[in-house]
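J.: I have a structure I would like to understand better, so I am pasting it below and will then ask my questions one at a time.
What follows draws every value from the coordinates through simple rules; no lab data is involved. Because the structure is predicted, anything quoted here is derived from the model rather than measured. Quick reminder, even Gly has a Cβ in these numbers, built from the backbone with ideal geometry, and neighbours come from all protein chains shown.
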């Protein structure tokens, strides 16, 4: 996940948290795919609406969204944007 996001966005900051342990027993966790939170800051997001930023992250992760990731919380910011 980290390598794909770094290649796609050259982020100034990137944090990935595996939240899967919070979802043990959850229907979506039974197939082995995980729950993650991603926070990244990249100039690639400048001028993009939040939905476009999320779509770009999904596109960068490609097949991982079908094979490894069940749920993904995304915080995508351009440089200079607050938390």
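J.: Pop the C-beta distance of residue 49 and residue 2 into the FRET formula with R0 = 35 Å and round what comes out to the nearest 0.05.
T.: Step by step, r from the Cβ atoms, then E = 0.90.
J.: Name all residues of segment 53-83 having a backbone nitrogen under 16 Å from the label point set 7 Å from the Cα of residue 37 along its Cα→Cβ direction, giving them as ranges.
T.: Answer for segment 53-83: 71-77, 83.
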